[in-house]
Amino acid sequence: MITLVNMVIISAGTEQRGMALQVKDGKIARIIPHNEVSDDETVIDLQGNFLAPGLTDLQVYGGGGELFGGTPSVEALAKMEDDLLNQGTTGFFATVATNSPEIVVRAIEAAKAYRPQAKGNFLGLHLEGPYLNAKRKGAHPAGFIKKATIEEIRNWVDLAGGEIRMVTLAPELQDREVLDYLDKQNIVISCGHSDATFEEALRFLTNAVPAVTHLYNAMPQMHHRQPGLIPAIFEKKPYTSIVADGIHVSFPMIRLAKTLLGEKLFLITDAVTATSKGIYPHVFTGDRYTMPDGTLSGSCLTMLKAVKNCVEQVNIGLAEAINMASLYPAQLSGWSTKGKIEAGYDADLLVFNDNFEVKGTYLSGIKAR
């Protein structure tokens, strides 16, 4: 057992001082007053820094110089795990953008092959596409966008053996059979790249479609005569991800979303990396990534940077911003032992300072960074 001392514990919207955290067998064992720590314990002094649950990114495309989402491989997953651990992210979905069926299968095979050697923060795949609405394609190539068939999605799910954990699609274009099937497989269905009307969205934003992908982006914008998808999101309040970089979404609009969605708004990075490979040749232009034609693509965020932006630019309290990056994505994904610092929870932990610099990352109680 190890005992962490001298820190500010952030968990479930609160901050605790003067407490010690005991970790045993990869789990949080107890939180006790600092003065109850015995002399024979292995003590690690966190030097007054913040201790938070490890961050969870449900939509990230690459890291370590490799764009898994465009050219998937075992090597790319290994680099993503290392890179994201360095950033304090202890759980992530490697995301695959709209592409050919061969690339999707390659991503599934890479995930399965990598699983036995995974460090533990790679939690599965998120397929963003190809079942989108071409009217809201964004950086996704129209030539690969299509309507889902139950045969194809069943084949992918069967092949994946549990590795597919989330699918972003345009629900207004899909047969109910597809939505019901994904729901029964415990795969999170998220509405994204959708052109749904207000009335359509009210119908499908139910338990079968419990989430929305990157609010405001790749969807019809609000209009006072044509309410569209966004007001339906604000009314139904599904779990909704947002890219809090001030580029994909302005900070005042993040503040509006937080006011209306509360504990259902969570952070993603949608992060990519510069590459000339495959059909997603992302170009870094100083503060963002674009396609060669200038179309805005993924971000250059980290999860901790997104937390910092929420605190410093959106006036969200630190403890609540941490919830948005840890607890809420864990709740959406059904992980009952992630996202909090409480007895019985996984000892996936982030240590950071007042400047939002990572000072340590623990995965199952073992320091990984």
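The values are calculated or read from the model by the stated rules, or taken from the named source; none is laboratory data. None of the values given here were measured: they were computed from a predicted structure. Methodologically, a virtual Cβ is constructed for each residue, glycine included, from the backbone with ideal geometry; neighbour enumeration extends over all protein chains shown.
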Some residue of the stretch 157-168 being outside any helix (DSSP H, G or I) and over 23 Å from Gly62 (Cα atoms): no
The stretch 22-53: number of residues that are buried (at least 24 other Cβ atoms within 10 Å of the Cβ) and in contact with a Lys or Arg (Cβ under 8 Å, 6 or more places away or on another chain): 1
Exclusive hit being touching a Leu at 6+ places or on another chain (Cβ under 7 Å), part of a helix (DSSP H, G or I) and either on the phi < 0 side of the Ramachandran plot or at pLDDT below 95 (or both), set Ala107, Ala113: Ala107
Extreme residue, surrounded by the most Cβ atoms within 10 Å (Cβ to Cβ), among residues of the stretch 270-313 that are at pLDDT below 90 and basic (Lys, Arg): Arg288
Only listed residue being within 23 Å of Pro171 (Cα to Cα) and free of Cβ contacts under 8 Å to residues at least 40 places away in the same chain, chosen from Ile242, Ile268: Ile242
Criterion violated by Pro227 - all others in (1) touching a residue at least 40 places away in the same chain (Cβ under 8 Å); (2) over 17 Å from the mean Cα position of the chain (by Cα) satisfied: (1)
Verdict on Ile316 being modelled with pLDDT of 95 or more and surrounded by 21 or more Cβ atoms within 10 Å (Cβ to Cβ): yes
